[in-house]
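The values are calculated or read from the model by the stated rules, or taken from the named source; none is laboratory data. What you see is a predicted model, and the numbers here were worked out from it, not measured in a lab. Methodologically, a virtual Cβ is constructed for each residue, glycine included, from the backbone with ideal geometry; neighbour enumeration extends over all protein chains shown.
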Amino acid sequence: MLIGELITLLIDDLVGRFALPILALFPGLFPYTVTSYCRRFKRNCMQARNALKNIIEERRKGLKTGSDGDLLDILLSNEIYQGDEEKTIDELIIFFMAGNETIKTSSANTTMFLTMHD
């Protein structure tokens, strides 16, 4: 493997570890993408944001007043998020990322506890 390829893999790894979670939340902060991995990730983020936008539109059509549904129903019925789809999408992404981190941490702690206490 050539040194250029190694440097490219290293940059891909560093960008993947540190910058991509921020890119998922705030795609406007990174108008230029350096690596193919970063471009692919940005494309996937945009597809996920578009999918969430479609879900929000469908949910708004069927939203009933006073329903105690899921998180999306609560966000859509809140006056802060009405009319601002980007803010709603950002909140949903933050919620999913926080839940993902919580599950990873809980799983790691449970595994560590179980291995320490046979």
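Quick check, is residue 114 modelled with pLDDT of 65 or more and either among the aromatic types (Phe, Trp, Tyr) or in a helix (DSSP H, G or I) (or both)? Break it down stepwise before answering.
Values: modelled with pLDDT of 65 or more: yes; either among the aromatic types (Phe, Trp, Tyr) or in a helix (DSSP H, G or I) (or both): yes.
So residue 114 passes the test.
Taken over region 37-52, the residue count meeting the criterion of being of a type outside the set (S, T, N, Q), out of contact with any Leu (no Cβ under 7 Å at 6 or more places or on another chain) and modelled with pLDDT of 85 or more is 2.
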